[in-house]
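The values are calculated or read from the model by the stated rules, or taken from the named source; none is laboratory data. If you're wondering where the values come from, they're calculated on a predicted model, not measured in any experiment. Every residue, glycine as well, gets a Cβ built from its backbone with ideal geometry; the counts of neighbours run over all protein chains shown. The area values use the complete protein model at the heavy-atom level, side chains included, leaving out ligands, DNA and RNA. Shrake-Rupley method; radii C 1.70, N 1.55, O 1.52, S 1.80 Å.
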Amino acid sequence: MDRSWMSIKNYLDPKYLDGVDEFIKFAFLGKDPNCKLPCPCKVCNNFEDQTKEVMANHLCRGIVDSYTRWIYHGEGFESDDENDDIEINDNDSDFDSMEELLNDVGVANFGESWRHSPELDTGGCTEKEGEASRFLRLLSEAEKSLYPGCEKYSKLSFIVHILHLKTMNRWTCKSTDMLLKFLHQVFPTALIPSSYYEAKNFIRELGLKCEKIHACENDCALFWNENKGLDHCPNEKCKAPRYKSPNSKIPRKVLRYFPLKPRLQRLFVNKEIARDMRWHKERRVDNENMMRHPADSLAWKDFDRNHKSFAEDPRNVRLGLASDGFNPFGTMSNSYSIWPVILVPYNLPPWKCLKDPFFFLSMIIPGPKAPGNDIDIFFRPLVDELKELFATDVETYDAFREEKFMLRAALLWTINDFPAYGYLSGWSTKGYKACHVCLDETTSLYLNNGHKCCYMGHRRFLPIDHKWRREKKQFNGEREHRQPPRTLSGEEVLQQLLRIEQVEFGKAPDLLQQKKRKRVQNSSNWKKMSIFFELPYWSTNKIRHNLDIMHIVKNVCESLVGTLMNIPSRTKDTWQAREDLKEMGLREELHLQPGGGASKVMPPACYTLSRLEKKNFCQFLSTIKFPDGFASNIPRN
């Protein structure tokens, strides 16, 4: 269907009006004429449901230009703009896509000539049920029709589509299981799995499996490698049982780990992706004055200088790691924190490397409590694999060059919010020395009324001749003459960490008491040596940890708007803050003034808005327009 009319700015143009009519017919095709659908006009932006007539009137004032895939009006994610038919696939595309999928898996596991590999000889499959024979079974199932006479779906493609629909529509496991059982009963001659469990087991041979590693419920250790056969925690101060009961063999806590090697190898199976994995070296335009890709950063270039053998082959993968906790139960009162760990390959161009298909879910750290400083226990499998990927080459097939090469990988940095930064780096982000830049030179002050630490000394990062350095009244009453603190190198940080007593991981009661005593005795703000220092290149990385600016901007913006609008739960201008100013002898005009009786009056500050100014500010926010998906709908908030 032609959608060029959507970019026409003259809304009285006959072509635009005809396009609106076509869209209305498409959206309400086969639906109740009186039903309401999301309106894609520039005002509603698919957030408001409207009737057919109202939607037609709204669209005469413009449609959202970026809404080119009509997913809210009956069009699937995989539809083709050049085809008016809204079916998901044509007759031959399903078998072609399954053929491509199996070809990728075959190349990744058995090489480019996998179809002629002796490992896939049908004569040996009946006796030995190995990896090759299981893959051969997938091949045979991909060639079988779902039922006699079906030319569109095979058993494999049917299962892949069902699981895809489950993910896209957020079906529960139970609802998927009930649907499969129903279809199996209705069509007994079709090769339909009878349960969700059977469907998952069938496609497991496509690769990219998940390893379930049992963990101590107190986060002391993993039951992995040398601890694999134990039934109790190896820590003498914990000894927590591995299973919920001796007979059930149901683990108390399970870490789900997704091995990294096969995922990196899978990147080079597809010709287009394999070509893009060289983009940062062969097609990127180097501009010293502009950073458009991580390869433009000083940290990337410094890594290449320190590890020249790694940088010689542009196919060697550079990774970033991101992790944060969230409550999978949403806003429910149930307190639970689960931590996914995401790896991002930076070799790809910027329009690909930060897209969902190239985000690697490395592990899922279970709850119910946040791992805290014990998070290193769960990173053990990943760090061991990263060490192996840097020191030992992994044979990989490059579909673009049609050759095999030896793949290596390295972790450049981590990306986290401020609390998670403390967990991964080992530097405590609480207390008097919370700043990870100033470290021991952090300027802080405890506020007796606010009951929190206040961090000062930001002016030392200004140019030496900046006028704010000489200001006294507007800041802390003193001039600032200090230079910015010197940034420590990775080797210097490592030397500091070697001097502190290493902690014993775990949350058992005895361990918590021991940690508390050590925390009182320890004068350093370092709490542990991060497990990432086991990587041979970590101490030489120019940047090891990054703060997620999204969290910082969001929190600062909420505080500023909350203070300007005087929102009780968001404002930072409280009576406690005014009392602290009085104790510090600063900003006398803001001190609390005596009122009637024992009460006190808070004088207005220069940023205090009147009721009319607040109304005008809200009206201004309601008129701001952002690109589709760039921000939330401000007028509705």
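Conditions tested, residue by residue: (1) farther than 18 Å from residue 427 by Cα; (2) among the charged types (D, E, K, R); (3) open to solvent by 60 Å² or more (accessible area, probe 1.4 Å); (4) assigned to a loop (DSSP other than H, G, I, E, B).
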position: 511; (1), (2), (3), (4): yes, no, no, no
position: 528; (1), (2), (3), (4): no, yes, no, yes
position: 543; (1), (2), (3), (4): no, no, yes, yes
position: 546; (1), (2), (3), (4): no, no, no, no
position: 571; (1), (2), (3), (4): yes, no, no, yes
position: 578; (1), (2), (3), (4): yes, yes, no, no
position: 607; (1), (2), (3), (4): yes, no, yes, yes
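What's the total number of residues in the stretch 139-181 that are exposed (fewer than 13 other Cβ atoms within 10 Å of the Cβ), more than 16 Å from residue 200 (Cα to Cα) and of a type in the set (A, V, I, L, M, F, W, C)? Final tally of qualifying residues: 1. For the stretch 445-492, a residue qualifies if it is more than 38 Å from the chain's Cα centre (by Cα), of a type in the set (Lys, Arg) and assigned to a loop (DSSP other than H, G, I, E, B), and the qualifying residues are 472, 473, 479, 482.
Looking at 302, 296, 286, 313, just one residue is within 25 Å of the chain's Cα centre (by Cα) and either at pLDDT 85 or above or not β-branched (Val, Ile, Thr) (or both), and that residue is 296. Sub-9 Å Cβ pairs linking a first residue in the stretch 587-601 that is under 30 Å from residue 471 (Cα atoms) and of a type in the set (Asp, Glu) to a second residue that is outside any strand (DSSP E or B) and open to solvent by less than 60 Å² (accessible area, probe 1.4 Å), at least 6 apart or interchain, are 588/581; 589/603; 589/605, ordered by first then second residue. Checked against (1) out of contact with any helix residue (DSSP H, G or I) (no Cβ under 8 Å at 6 or more places or on another chain); (2) under 27 Å from residue 422 (Cβ atoms); (3) of a type outside the set (Ser, Thr, Tyr), residue 325 passes all but condition (1). Of all residues in the stretch 321-333, at least one satisfies being of a type in the set (A, V, I, L, M, F, W, C), open to solvent by 30 Å² or more (accessible area, probe 1.4 Å) and within 15 Å of the chain's Cα centre (by Cα). Hey, any hits in the stretch 614-636 for a residue that's under 30 Å from residue 221 (Cβ atoms) and in contact (Cβ under 8 Å) with a residue 40 or more places away in the chain? Among the residues of the stretch 614-636, not one is under 30 Å from residue 221 (Cβ atoms) and in contact (Cβ under 8 Å) with a residue 40 or more places away in the chain, which makes the answer no. Any chance the stretch 14-36 includes a residue that's at pLDDT below 85, open to solvent by less than 70 Å² (accessible area, probe 1.4 Å) and β-branched (Val, Ile, Thr)? No, the stretch 14-36 has no match at all. Residue 400 falls short on exactly one of the conditions (1) part of a strand (DSSP E or B); (2) in contact (Cβ under 8 Å) with a residue 60 or more places away in the chain; (3) open to solvent by 70 Å² or more (accessible area, probe 1.4 Å); (4) of a type outside the set (Lys, Arg), and that condition is (1).
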